[in-house]
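Remarks on the structure that follows.
The values are calculated or read from the model by the stated rules, or taken from the named source; none is laboratory data. This is a predicted model, so every value here is computed, not measured. A quick note on method: Cβ atoms are made from the backbone with ideal geometry, for glycine too, and the neighbour counts reach across all protein chains shown. Side chains included, ligands, DNA and RNA excluded: accessible areas come from the protein's heavy atoms. Shrake-Rupley method; radii C 1.70, N 1.55, O 1.52, S 1.80 Å.
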Amino acid sequence: MSKKLSLSISSKLIFLIVSMSLLTLGGVSMFNFYTSDKILKQRVEDQLISESTSRGTAIVSLIETRIQQITLLSTNQNIREAVKNSSTNLRLDMLKSEIMSFDEAMGESIGLDSIKVIGKDGKIIYDSLGANEQNNFADPRLERGLEQAFLDFDYIQGQRKLTVLVPIKASQTDSTSIGVVMAVMDTDVLDKILLNRKGLGETGEVYLVNSQKLMLTESRFIESAAFAQKVDTFPVQECFEKGKDSNSVYPDYRNIRIVGISFCVRDLGFVLLAEIDEAEIFKPIINLRNELLGIGILLSGLIIAVAIIVSMGITKPILKLRDAADLIGKGNFDHKIIARSNDEIGDLARQFESMRKNIQEKNTNLNEIVKERTKDFTNIMNTLNATAIVAITDKDGIIKHVNQKFVEISGYAKEELIGQNHRILKSGYHKPEFFDNMWKIISGGKTFEGEIKNKAKDGKFYWVKTTIVPFLDETGNPEEYIAIHDDITKLKNIEEELQDALRRNEKDASIIQHQMEDLKIANLELQQKDKLKHEFLSMASHELKTPLTPILGWCDALKSPQILGNLSPNQLSAIETIEKNAEKLEKLIGDMLDVQKLELDEIKFNISDVTIEKILDTLKKDFEFAVKEKNITLEISSDTGITIKSDERRIIQVLSALIYNSIDFVPEKSGRINVMVNKKDDEVLFCVQDNGMGIPKEKQQYLFKKFYQVDTSLTRKHGGTGLGLVISKGLVEGLGGKIWVDTDIGKGTKFYFTIPVGLK
């Protein structure tokens with residue numbers, strides 16, 4: 001038996017030493033491996049993110065610059081007149097002269113190969129390469145070029161080219177397209193950005209993919225890949241299907257796993273990919289793993305040998321201590337323990353011997369001590385039962401014991417109380433927080449003291465002064481609670497009577513005191529708020545609005561022939577541009593003032609009888625020119641005879657803001673806006689509906705936030721401050737109504753708001 005135990009202890013000790021050593025070695029190795037892997041991967045990803053972002057931004061900037069350069073050419077007045085009058089030789093000569101001047105000034109710097117001027121019917125009016133100017137342009141991109149300026153990638157005679165198409169407008173005031181300017185350029189600057197291998201290692205590359213999932217640049221690994229290699233990888237799908245950038249590990253177009261970062265520019269029709277082979281990134285990690293494996297095998301053998309030697313020196317004296325402890329445990333306190341070493345095991349043996357002597361000495365007096373303690377405890381319990389209300393519960397608060405006084409004051413029999421929770425006596429006087437705090441104290445092993453109002457079985461209330469003491473187990477957690485109560489019902493009744501008398505005498509003084517304090521606080525807040533309001537309104541109206549008055553006045557005066565004489569179209573256009581922007585600034589200031597007033601709750605409403613038909617007539621007149629200028633259909637319909645008690649000017653302000661939003665987002669040629677008003681019970685429902693592109697669901701929650709713009713891309717077409725909907729929401733709610741939106745991508749947008757018929 002002794003031999004078997006010795007072998008068991010030795011085996012366990014060897015196993016413990018070996019296991020702990022190997023676990024430590026393995027843990028350190030895994031930690032180093034994981035940390036190195038993570039750091040290396042993070043560095044590569046950071047490098048790729050830096051390369052993709054910087055190169056992607058540079059390409060976007062290059063494209064926008066090229067479009068702006070050709071757009072500048074398309075606005076030339078001689079080119080416009082030449083397109084309008086293509087049959088006039090004088091105009092054509094002026095057109096050729098303007099384009100040749102532009103070609104000499106810009107051609108070499110931007111890598112310009114050719115320029116064509118094309119009418120909207122496809123007729124080539126001018127070709128810098130000298131082709132027959134009477135030929136028709138058969139490229140399907142003509143229609144898109146008449147709509148908007150864009151850059152496309154071409155593959156012409158075995159060479160990659162950049163093609164820019166920009167619409168030619170009829171005039172500065174007439175946005176009708178009468179033709180396009182088409183410029184073909186080389187890709188040298190683009191290639192310098194993309195084919196630079198710096199920061200990409202041995203296998204890295206940066207390339208572009210268009211929406212047809214074709215590679216637009218040459219591959220580092222495949223010859224003649226431009227416009228021939230299909231790239232249908234994960235980041236390409238994420239960009240053109242969801243408009244998202246990606247950062248992941250995936251198979252590339254060669255079906256080789258790489259670490260890649262994408263820079264999505266879906267609105268310009270391409271995505272930039274920066275990639276490095278996964279094998280190159282993790283090659284140092286694989287070498288590290290092999291080295292750690294070899295070191296681990298060698299150290300494991302050494303650890304096992306050391307563990308066997310150490311275990312043999314420890315287990316023998318431990319077995320002797322075990323045999324001695326077994327004898328003492330059986331009551332043989334005369335067996336002596338002899339320590340033969342001066343190490344920790346020898347110290348342990350001496351402690352065992354000292355413990356044996358103490359146990360032997362104390363064992364003789366143990367029975368007497370137990371008898372004395374039992375007698376004392378019995379006396380204490382008898383005293384408590386005679387003088388106090390006592391209950392004992394388990395750790396969950398279930399009653400295990402009550403004395404006779406508890407039964408008498410509660411009115412319940414002992415059998416009715418045992419097994420119940422103390423909630424059976426709950427009076428409803430105390431708030432839940434009171435009992436939560438009590439339970440928190442006693443469950444934490446601390447004593448609770450307090451006064452509790454209980455309810456007896458017959459419905460009468462009684463007060464007890466309570467002390468709850470937790471009995472702790474060996475882990476320090478409560479296993480039982482003893483509650484000792486004193487009946488203080490008479491004392492609490494006298495206290496309540498005294499308090500009632502005191503309250504009656506002090507009631508008037510207390511009321512006046514509280515009112516004076518509240519009045520002082522309210523007066524200080526009102527003064528501060530009034531001061532801030534007047535300071536802001538004074539600054540805004542004087543510092544911001546005052547300069548606009550002479551600007552707008554002079555714009556109107558300068559257009560009069562009596563001031564500067566008859567103005568040229570360009571001069572008149574410049575003045576009108578100044579006037580329009582000043583009016584926009586005036587509206588911006590008004591919006592900011594309204595937002596500030598809403599936040600200070602200082603918006604004032606002029607309430608009167610309002611006729612819906614009058615409001616709608618005003619809207620028709622206000623927007624007649626704006627919708628006609630942009631070829632937008634505006635339809636207004638309403639139930640007849642609707643009259644409400646509200647602020648006419650503020651309702652028109654809300655409707656105008658919603659219509660302006662719709663004008664910005666409906667299609668240019670087929671825009672449609674419907675304004676509908678219906679009476680629903682005691683409310684009037686207003687709806688502004690358009691056939692625009694709609695708003696994504698994830699962005700709808702921010703529509704009524706200050707300064708929020710739905711479109712924040714580089715090419716967004718819509719301006720504004722982002723305050724219109726915030727002001728509209730504040731005005732509608734101030735008039736007692738509510739406002740909401742119903743929209744989704746491709747389904748148009750409906751803005752609804754309600755105004756109560758009567759004043760609220």
Residues satisfying the stated conditions in the stretch 612-641, i.e. outside any helix (DSSP H, G or I), touching a helix residue (DSSP H, G or I) at 6+ places or on another chain (Cβ under 7 Å) and closer than 15 Å to Val675 by Cα: Ile632, Leu634, Ile636, Ser638
Based on this model, can you work out whether Glu698 counts as open to solvent by 50 Å² or more (accessible area, probe 1.4 Å), acidic (Asp, Glu) and touching a strand residue (DSSP E or B) at 6+ places or on another chain (Cβ under 9 Å)? no
Close pairs from the stretch 654-677: first open to solvent by 50 Å² or more (accessible area, probe 1.4 Å), partner among the small types (Gly, Ala, Ser) and not in a helix (DSSP H, G or I), Cβ under 6 Å, at least 6 apart: Phe665/Gly692; Met676/Ser637
In this structure, is Val236 of a type in the set (Val, Ile, Thr) and within 30 Å of Ile745 (Cα to Cα)? yes
Select from the stretch 471-506 the residues that are exposed (fewer than 12 other Cβ atoms within 10 Å of the Cβ), of a type in the set (D, E, K, R) and within 53 Å of the chain's Cα centre (by Cα) and list them in ascending order. Asp473, Glu474
Quickly run through the stretch 217-256 and pick out the residues that are hydroxyl-bearing (Ser, Thr, Tyr), under 20 Å from Glu45 (Cα atoms) and without any contact (Cβ under 8 Å) to a residue 40 or more places away in the chain. Ser246, Ser248, Tyr250, Tyr253
Selection within the stretch 213-243 - charged (D, E, K, R) and loosely packed, with under 14 Cβ neighbours inside 10 Å: Glu223, Lys230, Asp232, Glu241, Lys242
Residues of the stretch 642-662 being part of a helix (DSSP H, G or I) and among the small types (Gly, Ala, Ser), in sequence order, are Ser656, Ala657, Ser662
If you go through Leu190, Leu194, the only one that is of a type in the set (A, V, I, L, M) and more than 35 Å from the chain's Cα centre (by Cα) is Leu190
Failed criterion for Glu613 (all others in (1) modelled with pLDDT of 85 or more; (2) open to solvent by less than 60 Å² (accessible area, probe 1.4 Å) hold): (2)
Check on Ile118, under 16 Å from Pro167 (Cα atoms) and modelled with pLDDT of 75 or more: yes
State whether one or more residues within the stretch 290-307 are at pLDDT below 70, of a type outside the set (Ser, Thr, Tyr), closer than 30 Å to Ser219 by Cα and in a helix (DSSP H, G or I). no
List the pairs whose first member sits in the stretch 142-159 and is in contact (Cβ under 8 Å) with a residue 60 or more places away in the chain and of a type outside the set (D, E, K, R), whose second member is in a helix (DSSP H, G or I) and open to solvent by less than 60 Å² (accessible area, probe 1.4 Å), and whose Cβ atoms are under 7 Å apart, counting only residues at least 6 apart or on separate chains? Ala149/Ile67; Ala149/Thr71; Leu151/Ile63; Leu151/Arg66; Leu151/Ile67
Only residues that are in a loop (DSSP other than H, G, I, E, B), on the phi < 0 side of the Ramachandran plot, loosely packed, with under 13 Cβ neighbours inside 10 Å and of a type outside the set (S, T, N, Q): list them for the stretch 155-212, please. Asp174, Arg197, Lys198, Glu202
Which of the residues spanning the stretch 663-683 are within 21 Å of Gly724 (Cα to Cα) and in a strand (DSSP E or B)? Arg672, Ile673, Asn674, Val675, Met676, Val677
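Condition check ((1) at pLDDT 70 or above; (2) open to solvent by less than 40 Å² (accessible area, probe 1.4 Å)) across all residues:
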site: Ser8; (1), (2): no, no
site: Val28; (1), (2): no, no
site: Arg43; (1), (2): yes, no
site: Asp46; (1), (2): yes, no
site: Arg55; (1), (2): yes, yes
site: Ile70; (1), (2): yes, yes
site: Leu73; (1), (2): yes, yes
All-but-one check, Val249 against (1) on the phi > 0 side of the Ramachandran plot; (2) open to solvent by less than 50 Å² (accessible area, probe 1.4 Å), failing number (1)
